[in-house]
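The structure under discussion appears below in the form of structure tokens.
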Amino acid sequence: MVQALRPMAVSLFILLLAASPVAAEERRSPLEDWADRFSETFDDLVDQLGPKIEEAEEFFGVLGRIDDIGNYHSPEILPNGDIVMRRRADAPDWSPEPEAKPAPEATLPYDPGEGVEL
């Protein structure tokens, strides 16, 4: 996701530069200065958020392994700051859900190559 934002920022930067009528030999326009600052700030933001986004992906992956919240005791905070959710002894054995089957291919009541008569 983070990598997908960089091309968008570069495209915006190029668009802003192309819209500027100032020649390279002349002084820089305020729009070009703003575009440079925006690009630098955006890159800094992406660099700072990258690790946090990866942590969030890992967290949601762990949440996907919880089958039923009723099968677990209340969370405990350990002295080192870790949070533990212990599975109840009377809970059924955990097994991963089977892979979802792909949806069947949709059939249309008409041939899209023929077009639709209005």
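Quick notes on this structure:
- Within the range 79-93, the presence of a residue that is surrounded by 11 or more Cβ atoms within 10 Å (Cβ to Cβ) and either of a type in the set (Phe, Trp, Tyr) or at pLDDT below 75 (or both) is excluded.
- Filter result for the condition that a residue is within 30 Å of Ile14 (Cα to Cα) and β-branched (Val, Ile, Thr), over Val46, Val62: Val46
- Qualifying residue in the range 19-26 (condition: in contact with a helix residue (DSSP H, G or I) (Cβ under 8 Å, 6 or more places away or on another chain), in a helix (DSSP H, G or I) and at pLDDT below 75): yes
- Asp111 meets all of the listed conditions (1) acidic (Asp, Glu); (2) open to solvent by less than 90 Å² (accessible area, probe 1.4 Å); (3) at pLDDT 80 or above but one, namely (3).
- Inter-residue pairs, beta-carbon under 7 Å, first under 14 Å from Ile14 (Cβ atoms) and in the range 28-39, second open to solvent by less than 40 Å² (accessible area, probe 1.4 Å) and assigned to a helix (DSSP H, G or I), 6+ apart: Leu31/Leu16; Ala35/Leu16; Ser39/Ala9
- A Cβ distance below 9 Å, combined with a sequence gap of six or more or placement on separate chains, defines the contacts here; from the range 44-66, residues that are over 24 Å from Asp82 (Cβ atoms) reach residues that are assigned to a helix (DSSP H, G or I) and small (Gly, Ala, Ser) in the pairs Val46/Ala9.
The values are calculated or read from the model by the stated rules, or taken from the named source; none is laboratory data. Here the structure is a predicted model, which means the values were calculated and not measured. Note: ideal-geometry Cβ built from the backbone for every residue, glycine included; neighbour counts use all protein chains shown. Quick note on the areas: whole protein, heavy atoms, side chains included, nothing else; ligands and nucleic acids left out. Shrake-Rupley method; radii C 1.70, N 1.55, O 1.52, S 1.80 Å.
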